[in-house]
Amino acid sequence: MVKLAEWRGKEIFRSYGVPLPKGTVVRSADEAVSAAAQGAVPLPCVVKAQVLSGGRGKGGAVRFAATVEELRAAASAILGLDFKGEKVRELLLEEKLPIARELYVSITLDRSARLPVLMVSASGGVEIESVADTAILRQWVHPFAGLTNFEKRAAAKTLGLTGPAARSLDGLLDKLWRLFLNEDAELVEVNPLALVGEGVLALDAKVIIEDDASFRHPQYAEVRDDRTELEEIAREKEIAFVQLDGNIGVIANGAGLTMATLDVLQQFGGRPGVFLDLGGTDDPKKVTEAFRLMARARPAAVFLNIFGGVTRCDTVATGLVEAMRDMPSTERFPLVARIRGNNEEEGIAILREAGVTSMRDLKESAQAAIAAAGGRA
Ligand code: GDP
Ligand code: MN
């Protein structure tokens, strides 16, 4: 999942001809002031933090400035803010438009229907989760037929748009649809889509690109705003590694067992913090690298839950012992291990020699990991 910042999403919008307010990106208050002086953005303008979390409007990360002084003040106030754990380093400055109405439009993939779905609502500007279900029109789009006139008319009706405004919506929907398809997007969301005069334009842009299609779009591979430093390193080493909020590190193999391990920890009141999927490997070196990476994430405890198949238990044990041998004491963590399956006895013996006991029962081992991490959340 490649989540794009608003301004990057809007650059793509622009390349598809989606109408946008005039604007520019800046990285300091001085740059903001000179952007206004040079006419890159007219005043009054909107000053928007470029972070990936939503709710900026409510959270004080979107402000208005009518004068150069206000612009400097707003830019200084927002830059450097910690917004939901993200430091604000970039601002999007945009002309402030007289908005008649704020609408909602998105196209996303409905995996259970196996079809893209177009969603529109006349209640834009607030998070879609807080809009009543009955106020949202959902239309599933046949990928070969594309958006039909019928679907676009239904959208206009839901949004209460007629005449030139409906035609403006029609053009915008076609462009968003092409973008969704051609860029292999998981989500294209415009909230709010603003009605200004007799036309609609995108005030916000949320674009998520499907990771599995990134080989078709090398330009997005550079955009890694949404990955932590360790996740980035893991990716280069082709290790599936995700950082969450909790304090227990999970090392498992295969997506199914990894997810089930997270669920079991959660069920007993633990908080998984990082998970690492060893996948299928017969290379102890890869296991060693994975453990070193885990250590750098500083988990309070690590729960190793392996079902030996392609990845044999002794391969994992060997890699683990190797990693522990030259791990600096500051990076050591309490370890609870449960390895079952292919070459189980060999693996358990290798671990035992290194002073690690392998537990058999999933429930008991999960609870031991939670206790080792300092107890229930
Ligand atoms: P989000 O809260 O993170 O989704 O940020 P948005 O980009 O959606 O902005 C939040 C709100 O700021 C919008 O719902 C609008 O009410 C307001 N806003 C954003 N751009 C403009 C603009 O150009 N003109 C006006 N009047 N309001 C704007
Ligand atoms: Mn928004």
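Taking each DSSP H run with n ≥ 4 as -39500 (n - 2.57) and averaging over every residue of the chain yields -10500 deg cm²/dmol at 222 nm.
For the pair Ala113 and Val33 in one chain, pulling the backbone fully straight at 0.36 nm per residue adds 23.9 nm over the alpha carbon distance.
Given a 1.4 Å probe and the protein chains as shown, Lys363 ends up with an accessible area of around 120 Å². Compactness of the range 66-114, taken as the C-alpha radius of gyration over 2.2 N^0.38 Å, stands at 1.79.
Largest first, how would Ile233, Ile99, Ile339 line up by accessible area (1.4 Å probe)?
Details: Ile233 40, Ile99 70, Ile339 0 Å².
Order by accessible area, largest first: Ile99, Ile233, Ile339.
The solvent-accessible area of Met324, taken with every protein chain present and a 1.4 Å probe, is close to 50 Å².
Please work out how much length the chain gains when fully extended from Ala100 to Ser76, using 0.36 nm per residue of separation minus the C-alpha to C-alpha distance, in nm with one decimal.
Here the answer is 5.7 nm.
When DSSP beta bridges are restricted to pairs lying wholly in the chain, around 75% turn out antiparallel.
Just going by the charge dipole of the chain, with Lys and Arg at +1 and Asp and Glu at -1 on Cβ, which of Leu159, Gly375, Met294 is farthest out on the positive end? Towards the positive end, the residue furthest out is Leu159. Distance between the 7 Å Cα→Cβ label points at Asp361 and Asp282: 3.5 nm. Axis of helix 313-325 versus longest Cα principal axis of the chain: the two differ by about 90°, to the nearest ten degrees.
Hydrodynamic analysis of the chain uses the Kirkwood radius over alpha carbon pairs. Inserted into Stokes-Einstein at 20 °C and 1.002 mPa s, it gives a translational diffusion coefficient of 91 µm²/s. Against the main long axis of the alpha-carbon atoms of the chain, helix 68-78 sits at an angle near 20°.
In terms of accessible area, using a 1.4 Å probe and ignoring ligands and nucleic acids, Arg227, Arg138, Arg111 rank largest first as Arg111, Arg138, Arg227. Among the trypsin sites (Lys or Arg not before Pro) found in the range 304-348, those both in a DSSP coil and sparsely packed, with 13 or fewer other Cβ atoms within 10 Å of their Cβ, are Arg332.
With only Cα atoms counted, the range 22-95 has Rg and Dmax values of 11.0, 33 Å.
Reported to the nearest whole Å, the Cα centre-to-centre distance from the range 312-338 to the range 91-146 is 48. Compared with the direct C-alpha span, the chain from Arg153 to Ala377 gains 75.6 nm at full extension, assuming 0.36 nm per residue. Once you have a ≥ b ≥ c as the square roots of the Cα gyration tensor eigenvalues for the range 261-313, tell me rounded if a/c is under 1.5, and otherwise prolate or oblate according to whether a/b is larger than b/c. It is oblate, given that a/c is not under 1.5 and a/b is not larger than b/c.
When all alpha carbon pairs of the range 224-377 are counted in 5 Å bins from zero, the resulting P(r) reads 2, 10, 21, 25, 23, 14, 4, 1, 0 %.
The values are calculated or read from the model by the stated rules, or taken from the named source; none is laboratory data. Nothing here was measured: the structure is a model prediction, and the numbers come from that model. Note that we place each Cβ from the backbone using ideal geometry, even for glycine, and neighbour counts take in every protein chain shown. The protein model used for the area step is the full one, side chains on, heavy atoms only, and it has no ligands, DNA or RNA in it. Shrake-Rupley method; radii C 1.70, N 1.55, O 1.52, S 1.80 Å.
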